[in-house]
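Worksheet for the structure shown next.
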Amino acid sequence: MSAPPLLEIKNLHIDMRSGQERLNVVENVSFSIGAGETFGLVGESGCGKSITALSLIGLLNRPLSVGQGEILFKGQNLLKMNGSELRRLRGNRISMIFQEPMTALNPLATVGRQIAEMFVLHQGSTWHEAERKAIAALAQVQVPAPDKRVKNYPHQMSGGMRQRVMIAIALACHPDLLIADEPTTALDVTVQAEILKLMQELCDQRGTSVLMISHDLGVIAKMCRRVGIMYAGHLVEERAVADLFRHPAHPYTHGLLASLPVLGQRTLDERKPLQEIEGIVPSIAAFPTGCRFEPRCTRATPICRDTVPGPSILGDGSFVRCYHHG
Amino acid sequence: MVDQTLLRIENLSVCFPVSAGLFRRSHQAVRAINNLSLSLHKNECLSIVGESGCGKSTLALTILGLQKPTQGSISFDGKPITGAEQPGRMQRARMAQMVFQDPYASLNPRQTIYSALAVPLRLHGLCNQGEVEDRIAATLKMVGLKPEQAKRFPHEFSGGQRQRIGIARALILNPKIIVLDEPVSALDVSIRAQIINLLLELKAQLDLSYIMISHDLSVVEHMSDRIAVMYFGQIVEEGPWQSIFANPVHPYTRRLLAAIPDPFMIIRQEDMTRKDMQPPPLSGFSYYPEEIGTHDVYQSPPATEFLPVGDDHRVRFIAR
Ligand SMILES: Nc1ncnc2c1ncn2[C@@H]1O[C@H](COP(=O)(O)OP(=O)(O)O)[C@@H](O)[C@H]1O
Ligand SMILES: Nc1ncnc2c1ncn2[C@@H]1O[C@H](COP(=O)(O)OP(=O)(O)O)[C@@H](O)[C@H]1O
Ligand SMILES: [Mg+2]
Ligand SMILES: [Mg+2]
């Protein structure tokens with residue numbers, strides 16, 4: 001009944017070579033994003049969100065590489081594409097914005113030039129045409145006085161303005177998929193709220209799908225309907241956002257939500273110590289063989305140590321990887 | 001009534017002169033702190049919230065004596081600590097210490113934890129080897145580390161453990177005040193609760209006073225006794241945590257609170273934002289700034305008054 005998803009990731013493995021060893025940094029990750037859908041990927045720093053995103057557009061560098069798996073974009077396996085095919089896709093059908101726009105923007109070119117370049121590269125516009133389109137694109141991301149701002153260099157703009165420029169570049173060619181990797185992490189909350197609203201409006205209008213990556217559950221709850229929780233390179237749970245917050249299934253998700261201070265809680269109740277998750281996040285070299293959360297898990301039994309749990313289906317396409325979920 | 005004030009900041013201004021080559025008028029200066037007054041009470045956690053660039057770090061450095069005030073004064077326990085009567089470095093170190101956002105950047109990678117903690121003790125005249133060891137062991141235990149871990153180097157610890165080390169270093173000289181600059185925002189989300197709990201325990205146990213800089217308002221609500229909202233070098237609103245969250249008055253505070261993406265709130269009331277839940281704004285007052293984000297850091301702000309609107313709750317209005 002439902003149309004095939006825009007993006008389907010099947011059993012993605014990302015390996016890291018370290019001397020003779022091959023470490024499974026990301027293991028067996030599967031999820032899909034429908035047309036016009038915003039899918040959230042949450043997890044703590046180092047759990048593999050960014051490298052998962054980079055693997056989608058063929059930008060993984062040594063020592064990292066895709067070990068196995070399929071990445072189907074409109075039914076085509078991106079992992080089988082050659083360099084020039086991928087380049088044509090990037091920026092055009094799939095584009096990406098990052099946490100720190102300063103690293104992605106060219107400090108020596110005006111922002112207008114950098115937006116215009118997208119139209120020249122991907123739409124065959126003349127530079128003259130492209131510059132006109134760049135002004136319109138800046139207006140769309142609500143930069144005031146866009147005809148003047150196109151002449152600015154990145155360092156002449158605030159962090160929030162630069163992120164708007166990045167969005168203008170990313171959405172210039174009306175891509176099918178926008179990958180947003182921590183797009184507001186470096187911004188103040190009030191600026192973050194504006195940027196999120198802008199992204200939501202523009203992507204809604206155009207039916208752009210979004211892969212929203214964040215360590216901030218609030219950002220995810222605001223932007224996404226479905227969300228995947230990553231822990232140490234595993235996708236441990238994939239749920240509708242509302243279900244995830246009401247009935248987290250994986251012990252990690254459960255612990256994480258219980259450990260957060262909740263706004264308003266202290267007004268209702270006297271302050272109690274926050275619930276802690278004991279232990280530390282394992283490092284790549286010390287990943288457990290079975291469930292990677294096992295050393296910190298209060299529900300763990302011997303099987304958890306030996307074998308990675310397969311997905312247990314929870315309904316409406318949700319799943320959790322845990323022998324003791326609930 | 002006993003005076004509960006531990007630290008009093010009065011009419012503090014800090015300006016950074018701009019180098020003459022960049023601007024034609026060489027007397028121009030960035031006004032990082034503008035005539036700011038604020039008090040810290042004994043054993044309270046006072047949180048300072050505000051946009052980046054509003055002067056939070058400058059304020060912290062000035063309190064620690066690492067930045068000279070351009071104008072104004074700071075006193076500790078009733079005695080001035082700025083100007084002619086300011087105490088020496090050593091005495092100052094026992095008044096206030098700082099915990100940094102990134103524990104790794106603030107530790108010397110080539111120094112064991114033991115030396116990192118022993119150096120300040122020796123500087124402060126604790127020379128007996130046994131006493132130094134005891135003090136270090138006791139401090140490490142206090143922050144949830146084992147004394148034998150002192151032999152290790154910073155890279156051998158996880159992020160959460162490093163922040164415990166950062167806290168141990170701040171505590172080693174028994175200061176009265178700890179300035180916490182974004183103490184948990186660089187940590188793994190699943191580790192934050194451990195550090196937040198630890199900080200609250202230590203505050204009660206050691207009778208500490210905290211000045212916490214944070215942009216995470218759920219952490220601020222959980223930890224604070226009072227909150228000061230800072231905007232371009234001024235405090236625009238200040239009050240007990242309950243009043244700030246339940247009854248924000250200044251437009252900037254209201255905007256800040258409305259912008260929080262709180263997951264539980266979003267899930268519970270899909271169509272309601274925090275803004276809808278705020279009481280209606282006070283009418284009949286004008287505020288600076290009318291339009292947020294239009295402030296010029298080279299200009300002094302217009303005349304304003306800091307007026308009470310409730311118990312211990314004050315708001316900055318345009319002077320009439
Ligand atoms: N270029 C690289 N070389 C070696 N290791 C890397 C590289 N990029 C990322 N990693 C490692 O891969 C893991 C996942 O990283 P990343 O995807 O950036 O995490 P996240 O985005 O979730 O914070 C981390 O442990 C990180 O150290
Ligand atoms: N050493 C300095 N020299 C010049 N300007 C500075 C210096 N330190 C801070 N500033 C300026 O003072 C203002 C306040 O900065 P800061 O205290 O770091 O703010 P916050 O910590 O709230 O982000 C900013 O405009 C900043 O650029
Ligand atoms: Mg990342
Ligand atoms: Mg700062």
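Inter-label distance, A:Y153 to B:S52: 2.0 nm, where each label sits 7 Å from its Cα along the C-beta direction.
Label separation (A:I303 vs A:E100): 4.5 nm, computed from points 7 Å beyond Cα along the C-beta direction. By other beta-carbon atoms within 10 Å, ranking B:M223, A:M16 with the fewest at the front produces A:M16, B:M223. Listed by chain and number, the lysines whose alpha-carbon sits under 22 Å from that of A:K151, ignoring those within fewer than 8 places in the same chain, are A:K133. Roughly how tilted is helix A:189-206, in degrees to the nearest 10 and between 0 and 90, from the longest Cα axis of chain A? Helix A:189-206 sits at roughly 70 degrees to that axis.
Kindly provide the GluC sites (Glu not before Pro) of segment A:251-298 that DSSP labels as loop, not H, G, I, E or B, and whose Cβ sees at most 11 other Cβ atoms within 10 Å.
On the way: sites: A:E270, A:E276, A:E278; in loops: A:E270, A:E276, A:E278.
Here the sparse-neighbourhood loop sites are A:E270, A:E278.
For a Förster distance of 30 Å, can you work out the FRET efficiency between the beta-carbons of A:A286 and A:E85, rounded to the nearest 0.05? Mind showing how you got there, number by number?
Working: r = 38 Å, r/R0 = 1.27.
Given R0 = 30 Å and the Cβ-Cβ separation, E is 0.20.
Shielding by partners for peptide A:254-260, expressed as the average number of C-beta atoms from other protein chains within 10 Å of each residue's C-beta, is 4. Its Cα gyration tensor gives segment B:1-138 an equivalent ellipsoid, and the semi-axes of that ellipsoid, as √(5λ) in whole Å with the largest first, are 32, 22, 15. Cross-link partners among lysines for A:K222, C-alpha distance below 21 Å, same-chain residues fewer than 8 apart left out? Cα-Cα hits under 21 Å: A:K49, A:K197, B:K275.
When each of B:W241, A:W127 is scored by the number of other beta-carbon atoms lying within 10 Å, the sequence from fewest to most is A:W127, B:W241.
Helices that extend 15 Å or more along their long axis by alpha-carbon positions and average at least 1.0 on the Kyte-Doolittle scale are, among the DSSP H runs of chain B, B:113-123. For the peptide A:268-276, the mean number of other protein chain Cβ atoms found within 10 angstrom of a residue's Cβ is 4. Here B:K68 is the anchor, and the lysines within straight C-alpha reach of less than 29 Å, apart from those fewer than 8 places off in the same chain, are B:K42, B:K56, B:K79, B:K176, B:K203.
Using Cβ contacts closer than 10 Å as the measure, can you line up B:H124, A:H215, A:H234 from fewest to most? Could the numbers behind the result be given before it?
Details: B:H124 15, A:H215 18, A:H234 25.
The fewest-first ordering by Cβ neighbours comes to B:H124, A:H215, A:H234.
Compared with the dominant Cα axis of chain A, that is its longest principal axis, helix A:159-171 is turned about 80°. For segment B:167-252, taking Cα atoms only, Rg and Dmax work out to 13.9, 41 Å respectively. For the Cα trace of the protein assembly as shown, dividing Rg by the Kirkwood Rh returns an Rg/Rh value of 0.97. Summing charges over all other residues whose Cβ lies under 9 Å from the Cβ of A:L7, with Lys and Arg as +1 and Asp and Glu as -1, gives -1. Here the protein assembly as shown carries DSSP beta bridges of which approximately 60% are antiparallel, counting only pairs with both residues inside. Each Lys or Arg adds one and each Asp or Glu takes one away; over the other residues whose Cβ falls under 12 Å from the Cβ of B:V236, this sums to 0. In the neighborhood of A:M16, defined by Cβ-to-Cβ distances under 10 Å, what is the net charge if each Lys or Arg adds +1 and each Asp or Glu adds -1? Charge balance near A:M16 sits at +1.
None of the figures in this text is laboratory data; all of them are computed from the coordinates on show. Every value quoted in this text rests on a predicted model; they were computed, and no experiment measured them. No Cβ is skipped: glycine too gets one built from the backbone with ideal geometry, and neighbour counts run over all protein chains shown.
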